[in-house]
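**Q** Pasting a structure below so you can have a look.
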Amino acid sequence: MSDTDLHELGLLGDGCGSALVRADGTIEWCCLPRFDSGSCFGALLDGEQGGFCSIELDGSDAERGAARYADGSLVHVVDLAGGAGRVRVEDALAPGKQRLARVVHVLSGRCDVVVRIVARFDYGQTRPWLHRHDEHRAWIVGGDDALIVSTDGTIVRCGDHELQVHARVGTGERLQVSIASCRPEDAATLTADARCTAAADIRDALSWTRRWWADAEAGTDDAAVVRSALTLKALVYERTGAVVAAPTTSLTEALDGGRTWDYRYAWVRDATWTSRALAALGITGVGDAFSAFVMRASAGHADDMQVVYGVGGERRLHEHEVSLAGWRGVGPVRVGNAAEQQIQRDEAGEILQQCRQRHERGHRFDDDEWRFISRVLDRVARHWHEPDRGFWELRGEPRQFVYSKAACFAALDAGLAIAAAQRPQASTAGWHEAREAARETVLDAGFEVERGVFRQAVGRPDLDATALLLPHTGVVEWTDPRMRSTVDVLADALGEDGLLRRYDTVDGLPGREGCFLACSFWLAECLARQGRLDAATEVFERAMETASPLGLFSEEYDTRAGVAVGNYPQALTHLAHVSAAVALGRHRSD
C-alpha cells in the first residue's frame with residue numbers, strides 16, 4: 001500500500017500523458033503515451049506492486065528540501081542532500097514526445113547517484129522484460145507497452161525486472177536520464193538509435209509553457225491563478241482538444257473506504273468549464289478545440305452525445321477493477337468509468353454555452369455545425385423535463401435535478417441567441433416554449449420558499465452546492481434575493497470547518513467523503529458577485545489553505561484528518577479557483 005501525502009506530489013504534463021513526482025524525487029505515477037494509458041509507474045496505488053523511478057545518493061535515500069516549479073512552467077525542481085554532496089533534480093515530460101526527462105545537477109561535493117527504474121506495466125499487472133543494449137541504452141517491454149531508457153550514466157541490470165543508472169558526478173556536473181514510451185515492436189530499433197536529450201527536453205518544457213502563457217496574454221499576475229491555469233493546460237490532450245478531469249484513478253474520496261473512480265477521461269462539463277475559466281483570463285483556444293472534439297466524438301449526431309469520452313474520442317470506457325492495494329490501502333482500483341452509460345441532461349447546456357461564446361467571439365457556424373447545434377436543441381426540447389443522474393452522477397434512481405433543468409434552460413437560451421443572429425429562418429417556436437417551461441420549473445418547483453433555498457431536486461428536501469451555479473446558466477441573477485438566501489442556507493447547512501460539502505444526500509456509497517473543494521470556491525464566487533466581499537474573501541482564503549505547497553488542489557479535503565483526498569490534481573477545483581479569483585478581483589476593483 002502507499003500512504004503518500006498527495007500534497008507531496010508535483011504534476012508533470014506534456015499535452016499527452018502525465019506523471020506525479022514526490023518531493024524526494026520519486027516518480028510514483030506515470031501514464032504514457034496518454035493520460036488513460038496503463039501506468040508504467042504506479043507506486044501511488046501500490047508501493048509493492050505498482051513500480052516507481054527513484055533517486056538515491058551515496059547509497060541511501062536522499063534528504064530533501066522544498067520542491068518547487070521553475071517559474072511559469074511544469075518543470076519540477078527539488079534539492080536533495082546525500083552524505084557527500086547536494087544535488088538539484090529537474091523533472092519534466094518533453095512536450096509532445098511521450099518522454100520523461102530527469103536531470104541531476106550536482107551543486108556541491110561529489111555524489112554517487114543511482115536512478116532506480118522499476119517499471120510495472122498495465123497498472124502493476126505486468127513485470128517487464130529488460131534488455132541492456134549497451135551501457136547507455138536499454139529497453140523495457142511487456143504486453144503492448146515499452147520504454148526506452150537512455151542516459152549519459154551507466155545502465156546496470158539488477159535482477160530480471162529492474163534497471164539502474166549509476167554515475168559518480170561532482171560539482172558543476174550532471175546526470176541525464178530519458179525514459180521514452182514507444183510501441184514494443186519498435187523498441188529494439190529505436191533503442192539502437194536513441195540519444196539522451198534530457199537537458200534539452202527540460203529546456204523545451206520550460207519554453208513550451210512560458211510561450212503558451214506569453215501568447216495567451218493572460219490578464220493576471222497572481223501566482224496561484226497562474227499555477228491553476230498551467231495545471232489546466234497540463235490536463236489538455238492537445239492532439240484532440242480533450243480535457244481530462246484529473247490525471248489519476250482511484251484516489252479515494254473517503255479514508256474509511258470506497259468512493260474510488262477513474263477520472264482520466266474527458267467530461268463534457270469539466271472541459272467546457274475549463275475553457276470558460278481560461279477564457280476569463282483571455283485564453284480562448286481550449287474551448288474552440290473541445291467544441292470540435294465533442295462534435296467529432298458524437299459523429300455530429302446530438303442523440304449520440306455522451307457525458308464522457310476517452311481522450312481520443314473513445315465512447316466505450318468499460319469500468320473494471322485491477323489488483324492493486326489502493327492509495328492508503330483503500331480500493332477498489334478502477335479503470336474506466338461507468339458514467340459513459342449515464343444520462344446527464346446538463347451536458348447539452350455546457351456545450352451550447354461554449355458554442356455561444358464562440359459565436360460572441362465572431363465564429364460563424366457552417367451548415368454542418370448548425371445542423372449539430374439544432375439537433376442538440378431539438379433533443380433538449382424533447383427531454384428537458386425527464387429525470388437524469390445529475391451533476392454528481394449519482395448511481396441510484398434518476399431524479400428531477402434542479403441544476404439539470406437550469407442547464408437545459410441555458411442550452412435553449414444559447415441556441416436561440418445563435419439562431420437569432422446566424423439562422424433567423426430557423427423554426428424556433430418549440431425551443432422558446434421549452435426554454436420558458438424549464439425556467440418556470442427551476443424558479444417555482446426548484447425553490448423551497450419555507451427555507452429560502454434552491455433544492456437539489458424537485459420534490460425532495462435535499463440540499464446541493466450546485467445551486468450556487470444557477471446564475472452561470474442565466475436562469476437567475478447572482479443578486480436575486482433567492483440566490484442570496486440560498487447562499488446563506490447552503491453555507492450553514494453544508495459548511496464544515498470553513499469548507500463546503502457538496503450535498504446532504506444519502507447517496508448509498510460507502511465511507512464518509514471529505515469537503516468538495518470546488519464547492520467552496522463556488523461559494524466564494526457567489527458571495528463576491530453579490531458584493532459581500534469580506535465573506536467572500538474569508539471563504540476563498542480558507543479554500544486556498546487546502547492547496548499543496550506547489551499550488552495544486554485535490555478533489556476533496558478531509559477536515560478531520562487534515563489531508564487532501566480524491567483524484568489529484570483536480571481540474572474542477574482548479575477551474576473553480578480561477579473563476580472565484582477573477583470574480584473577487586473584479587468586484588474589489590469596482
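**Q** Checking Asp534 against (1) of a type in the set (Asp, Glu); (2) assigned to a helix (DSSP H, G or I); (3) touching a residue at least 24 places away in the same chain (Cβ under 8 Å), which test does it fail?
**A** (3)
**Q** Continuing with the same structure: Pairs under 7 Å by beta carbon, first residue touching a residue at least 12 places away in the same chain (Cβ under 8 Å) and closer than 12 Å to Trp370 by Cα in region 415-431, partner outside any helix (DSSP H, G or I) and among the basic types (Lys, Arg), six or more apart or different chains?
**A** Sorted first by the residue in region 415-431, then by its partner, the pairs are Gln422/Arg364.
**Q** With the condition kept exactly as written, say whether any residue in region 501-516 is at pLDDT 95 or above, buried (at least 22 other Cβ atoms within 10 Å of the Cβ) and either aliphatic (A, V, I, L, M) or over 18 Å from Gly258 (Cα atoms) (or both).
**A** No, the conditions are met nowhere in region 501-516.
**Q** OK, next. Taking strands (runs of 3 or more DSSP E) that do not extend beyond region 153-196, which have at least 3 residues that are among the β-branched types (Val, Ile, Thr) and surrounded by 13 or more Cβ atoms within 10 Å (Cβ to Cβ)? So that I can check it myself, show each step before the final result.
**A** Working: elements: 154-157, 163-170, 174-182.
Qualifying strands (runs of 3 or more DSSP E): 154-157.
**Q** Right, next: Among the residues of region 115-139, how many are at negative phi, surrounded by fewer than 20 Cβ atoms within 10 Å (Cβ to Cβ), under 32 Å from the mean Cα position of the chain (by Cα) and charged (D, E, K, R)?
**A** Of the residues in region 115-139, 2 are at negative phi, surrounded by fewer than 20 Cβ atoms within 10 Å (Cβ to Cβ), under 32 Å from the mean Cα position of the chain (by Cα) and charged (D, E, K, R).
**Q** Right, next: Can you tell me how many residues within region 68-114 are out of contact with any strand residue (DSSP E or B) (no Cβ under 7 Å at 6 or more places or on another chain) and open to solvent by less than 20 Å² (accessible area, probe 1.4 Å)?
**A** 1
**Q** Can Gly65 be described as at pLDDT below 95, surrounded by fewer than 24 Cβ atoms within 10 Å (Cβ to Cβ) and on the phi > 0 side of the Ramachandran plot?
**A** no
**Q** If you don't mind, another one. Going by the conditions given, is Thr284 closer than 19 Å to Gln357 by Cα and among the polar types (S, T, N, Q)? Working first, answer last.
**A** On the way: closer than 19 Å to Gln357 by Cα: yes; among the polar types (S, T, N, Q): yes.
Criteria met by Thr284.
**Q** Among the candidates Phe521, Phe540, Phe553, which residue alone is surrounded by 15 or more Cβ atoms within 10 Å (Cβ to Cβ), within 26 Å of Gly65 (Cα to Cα) and touching a helix residue (DSSP H, G or I) at 6+ places or on another chain (Cβ under 7 Å)? I'd like the intermediate steps shown before the answer.
**A** Values: Phe521 fails: within 26 Å of Gly65 (Cα to Cα); Phe540 fails: within 26 Å of Gly65 (Cα to Cα).
Residue meeting the stated conditions: Phe553.
**Q** Filter region 279-304 down to the residues that are in a loop (DSSP other than H, G, I, E, B) and either at pLDDT below 80 or out of contact with any helix residue (DSSP H, G or I) (no Cβ under 9 Å at 6 or more places or on another chain) (or both), then identify the one that is farthest from Trp384 (Cα to Cα). It would help to see each step written out before you state the result.
**A** To start, the set of residues in region 279-304 that are in a loop (DSSP other than H, G, I, E, B) comprises 280-284, 298-301.
After this cut, where a residue has to be either at pLDDT below 80 or out of contact with any helix residue (DSSP H, G or I) (no Cβ under 9 Å at 6 or more places or on another chain) (or both) as well, the list is 284, 298-301.
Working: Thr284: 29, Ser298: 19, Ala299: 22, Gly300: 20, His301: 18 Å.
Filtering region 279-304 for residues that are in a loop (DSSP other than H, G, I, E, B) and either at pLDDT below 80 or out of contact with any helix residue (DSSP H, G or I) (no Cβ under 9 Å at 6 or more places or on another chain) (or both), the one farthest from Trp384 (Cα to Cα) comes out as Thr284.
**Q** In addition: Looking for whichever is assigned to a helix (DSSP H, G or I), charged (D, E, K, R) and within 21 Å of Tyr557 (Cα to Cα) here; the options are Arg227, Arg203. Which one fits? Reasoning before the result, please.
**A** Values: Arg203 fails: within 21 Å of Tyr557 (Cα to Cα).
The unique qualifying residue is Arg227.
**Q** From Arg382, Arg399, Arg395, Arg435, which residue is more than 28 Å from Leu499 (Cα to Cα) and surrounded by fewer than 24 Cβ atoms within 10 Å (Cβ to Cβ)?
**A** Working: Arg399 fails: more than 28 Å from Leu499 (Cα to Cα); Arg395 fails: more than 28 Å from Leu499 (Cα to Cα); Arg435 fails: surrounded by fewer than 24 Cβ atoms within 10 Å (Cβ to Cβ).
Residue meeting the stated conditions: Arg382.
**Q** Starting from region 38-59, take each residue that is within 14 Å of Gln125 (Cβ to Cβ) and list its partners that are surrounded by fewer than 21 Cβ atoms within 10 Å (Cβ to Cβ) and acidic (Asp, Glu), counting only C-beta distances under 6 angstrom and pairs at least six apart or across chains.
**A** Between residues of region 38-59 that are within 14 Å of Gln125 (Cβ to Cβ) and residues that are surrounded by fewer than 21 Cβ atoms within 10 Å (Cβ to Cβ) and acidic (Asp, Glu), the close pairs are Gly38/Asp122.
The values are calculated or read from the model by the stated rules, or taken from the named source; none is laboratory data. Nothing here was measured: the structure is a model prediction, and the numbers come from that model. Here the Cβ is made from the backbone with ideal geometry for all residues, glycine too, and neighbour counts use every protein chain on show. In case anyone asks, the SASA skips ligands and DNA or RNA and just uses the protein heavy atoms, side chains included. Shrake-Rupley method; radii C 1.70, N 1.55, O 1.52, S 1.80 Å.
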